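These notes concern the structure reproduced below.
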Amino acid sequence: TGNDPTTLVINADQGFMLEVAAGHADKNVTVVGAMSDTARTITLPVGPSMTFVGTTYPISNSLVSSELGNYAVGGMSEGEAERVWSWNGTGWETAWLVDTGGAFPEFDGQWFTGNDPTTIQFNPGRAYMVEVLTGHNGFDWIYPKMY
């Protein structure tokens, strides 16, 4: 921190962001610690809010299997729904939860990017943000134990 060794400690269920200065080469960062042996509860506050989420499990996990859709509010369009934000290396991609109120039941409960089913997954070593929209209630997302 500044010119001194940092005393920063990253605790369980806490997110962080690293900034690589413009013109600097890509870096690999290794974070070590114990994997949880239970499901994790992540509290997403009342909107508007953005909350960092991620996974320590060594496998990719789809948005559907993450059970986030059991708690998030969907909508007829991206502007009406909770979103997951994913950095792709050059910009942010979003996935939004579809809820047509039964008008198109084949799409309800699915995550879309734009007008197509999303390809965004929770990957090990990556961070994501969950956006809870203005006026939406927060919720506890239970991130299941994957092993």
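Results for (1) assigned to a loop (DSSP other than H, G, I, E, B); (2) modelled with pLDDT under 95, shown as yes or no for each residue.
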residue	(1), (2)
THR30	yes, yes
GLY33	yes, yes
SER36	yes, yes
THR41	no, yes
MET50	no, yes
TYR57	yes, yes
SER66	yes, yes
ALA103	yes, no
MET146	yes, yes
In the range 103-127, residue nearest to GLU67 (Cα to Cα) [restricted to those that are surrounded by fewer than 17 Cβ atoms within 10 Å (Cβ to Cβ) and in contact with an Asp or Glu (Cβ under 8 Å, 6 or more places away or on another chain)]:
GLY109
Those residues that are open to solvent by 50 Å² or more (accessible area, probe 1.4 Å) and under 22 Å from PHE16 (Cβ atoms), I need them from the range 60-79; list them, please.
SER60
When only residues in the range 80-90 that are open to solvent by 20 Å² or more (accessible area, probe 1.4 Å) and not charged (D, E, K, R) count, which is nearest to TYR128 (Cα to Cα)?
TRP85
Checked the range 91-101 for anything in a loop (DSSP other than H, G, I, E, B) and either open to solvent by less than 60 Å² (accessible area, probe 1.4 Å) or β-branched (Val, Ile, Thr) (or both); matches are GLY91, THR100
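The values are calculated or read from the model by the stated rules, or taken from the named source; none is laboratory data. The structure displayed is predicted, hence computed values, not measured ones. Positions of Cβ are backbone-derived with ideal geometry, glycine not excepted, and every protein chain shown enters the neighbour counts. Keep in mind that these areas ignore ligands, DNA and RNA; they rest on the heavy atoms of the full protein, side chains included. Shrake-Rupley method; radii C 1.70, N 1.55, O 1.52, S 1.80 Å.
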